[in-house]
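A.B. asks: Right, I'll just put the structure down here and ask away after.
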C-alpha cells in the first residue's frame, strides 16, 4: 500500500512524525511518500523540526510559501495534482487545517484518490478564520475521518457526515507529548533570563498579529502580569509590532522561535500558558498547565468546559486577571486517548 502524506506547517510535522513512525514500526508493506509543501519554509520553522523529530526527509519539497492564502493553495493544488498522478497512491493523508491540508484534500478529491483526514471534526464556528474553512471543506471530501474526541464526532454527526466514515482514534499530539517529553531540552538562552517561574505565551494568528488594537490589548494584559512572560516570536510578528509602534513591558521576554523539543521543555516548566494556537492549548493540558486562550472562541471546547482553559480574547483586563489568579487544577482526565492514536490510524487505513 502506498500512502501520500501532505504536510507543510509545524504542527503537522509533529503529527506526521508520530504516524510515520507507526507506519515504519508496524507495517513493512506500506510505502509512505512524504510531501512538504513548504508552507513553513525557513530553517527555524521547518528544517529543525525534521531534525529533532527524526522525520524522514520529504520525498518531495514543493517550496511553496510566503504568498496569500489563495496564492499558496492554488500553487500547492497544481503541484500536488501532478505528483499524485505520478505517484498513484492508494491513500492521501492530510493533517489539521492549513492551506496545505486543503490543497491536498482538493487534489485527492478531484483525482478520485481515497482521502484520510487526521484531526477531523474540529469546529470553532468562526468562518472568518481561514483554518475553519480549510477544516470544513476537507472533512466534507474525506473518505475516512480520524477524530480526536467525542465532541469532534458529534460535530460531524450534526453536519450529516456518515458515521461509517468517522473513527474516534484519540489525538496524535498526545502520542507525541508522551514520546518526546523525555527528549525535551532547555533552550540555551533560558538560564540567562534568571527566571524562577514564568508564563509561556505564543501569538501567531492573523486575527491578532494583523490587528493593532488586539495586539495592544494582548501586550497590555501580558505586561500587567505579576510574573515574567516568555514570548517566542516569529520575525514577521516582530516586524508587525515595530510597524504598529507597540512597546513591551519589562516583564515580557521576547525570544526567537523555538524548536519542538525546546517548546516541550518550556511547556513542562512554565506556570501557565497563554496562546492563540490550537495545538498549544492541548499541549498545555498534556503537561497539566492552566491555559489562557487569546481568541474569542476555541475548537477545544472540552478544555473550557472542564475549567482547564479560559477564553480571554484580546481583553487586557481578562488576560491579566487570568494570569495573576492562583488557579489550581487537580484533575486532568484522559480526553484525548491513551497515547496509541497513531497505531489506530495505521490499523484503520490498512483494514
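A.B. asks: Return the FRET efficiency for the residue pair residue 247, residue 188: r is the Cβ-Cβ distance, R0 is 35 Å, and the value is rounded to the nearest 0.05.
C.D. replies: Values: r = 27 Å, r/R0 = 0.76.
After rounding to 0.05, the efficiency reads 0.85.
A.B. asks: If I model a spin label at residue 110 and residue 168 as a point 7 Å from the Cα along the Cα→Cβ vector, what separation in nanometres do I get?
C.D. replies: 3.6 nm
A.B. asks: A follow-up question, please. Relative contact order for the chain: what percent, with Cα pairs under 8 Å and sequence separation of 6 or more? Intermediate results must be reported in sequence, preceding the final value.
C.D. replies: Working: 654 pairs, mean separation 55.8, N = 351.
The normalised contact order for the chain reaches 16 percent.
A.B. asks: How much mean residue ellipticity at 222 nm does the chain get from its helices, if each DSSP H run of length 4 or more adds -39500 (n - 2.57) and you divide by all residues, to the nearest 500 deg cm²/dmol? Don't skip to the end; give the middle numbers.
C.D. replies: Numbers: 16 runs with 158 residues, N = 351.
Mean residue ellipticity at 222 nm (helix-derived): -13000 deg cm²/dmol.
A.B. asks: Now, a different point. For the stretch 184-324, what is the relative contact order in percent, using Cα pairs closer than 8 Å and at least 6 residues apart in sequence? Each step should come with its number before you reach the end.
C.D. replies: On the way: 241 pairs, mean separation 41.6, N = 141.
Dividing the mean separation by the residue count of the stretch 184-324 yields 30 percent.
A.B. asks: Further, regarding this structure: Once each part is reduced to its C-alpha centroid, what is the distance from the stretch 275-318 to the stretch 76-134 in angstrom?
C.D. replies: Between the Cα centre of the stretch 275-318 and that of the stretch 76-134, the gap is 26 Å.
A.B. asks: For a quick check: sort 20, 347 by the number of other beta carbons within 10 angstrom, fewest at the front.
C.D. replies: Details: 20 23, 347 15.
The order, fewest Cβ neighbours first, is 347, 20.
A.B. asks: Please compute the length gained on full extension between residue 90 and residue 137, using 0.36 nm multiplied by the number of residues separating them and subtracting their Cα-Cα distance.
C.D. replies: Values: separation 47, 0.36 × 47 = 16.92 nm, distance 2.11 nm.
Length gained between residue 90 and residue 137: 14.8 nm.
A.B. asks: Also, quick follow-up: Calculate, in nm to one decimal, what residue 61 and residue 330 gain on full extension: separation in residues at 0.36 nm each, minus their alpha carbon distance. It would help to have the intermediate numbers written out before the result.
C.D. replies: Numbers: separation 269, 0.36 × 269 = 96.84 nm, distance 4.42 nm.
So the chain would gain 92.4 nm between residue 61 and residue 330.
A.B. asks: Could you identify which residue out of 192, 157, 242 has the top mean-square fluctuation in a GNM of the chain using Cα springs shorter than 10 Å?
C.D. replies: Highest fluctuation of the listed residues: 192.
A.B. asks: Roughly how large, in nm² to one decimal, is the mean projection of the convex hull of the alpha-carbon atoms in the stretch 267-327?
C.D. replies: 3.6 nm²
A.B. asks: With the cut-off at 1.5 for a/c, could you classify the stretch 127-256 from its C-alpha gyration tensor as rounded, prolate or oblate?
C.D. replies: Details: a/c = 2.99, a/b = 1.67, b/c = 1.79.
Oblate.
A.B. asks: In degrees, nearest 10, range 0 to 90: what is the angle between the Cα axis of helix 341-350 and the longest Cα principal axis of the chain?
C.D. replies: Taking Cα atoms only, the helix is inclined about 20 degrees.
A.B. asks: To check my understanding: the extent here is largest minus smallest coordinate of the Cα atoms along each principal axis. What are those three numbers for the stretch 184-324, in Å, largest first?
C.D. replies: That works out to 36, 36, 25 Å along the principal axes.
A.B. asks: Moving on to the next point. Give me 196, 54 sorted ascending by neighbouring Cβ count inside 10 Å, so fewest comes first.
C.D. replies: Values: 196 7, 54 11.
With the sparsest Cβ surroundings first, the list reads 196, 54.
A.B. asks: Principal axis lengths of the chain from Cα atoms, whole Å, largest first?
C.D. replies: Its Cα atoms span 56, 41, 37 Å along the three principal axes.
A.B. asks: According to the square roots a ≥ b ≥ c of the eigenvalues of the Cα gyration tensor, what is the shape class of the stretch 1-145, taking rounded for a/c under 1.5, prolate for a/b larger than b/c otherwise, and oblate for the remainder?
C.D. replies: Numbers: a/c = 1.35, a/b = 1.15, b/c = 1.18.
Cα axes put the stretch 1-145 in the rounded bin.
A.B. asks: Using a 10 Å cut-off around each Cβ, can you sort 276, 99, 90, 81 from fewest to most neighbouring Cβ atoms?
C.D. replies: Listed from fewest to most nearby Cβ atoms, that is 90, 81, 276, 99.
Each value in this text was obtained by applying a stated rule to the coordinates, not by laboratory testing. What you see is a predicted model, and the numbers here were worked out from it, not measured in a lab. Neighbour counts run over all protein chains shown; Cβ positions are idealised from the backbone, glycine included.
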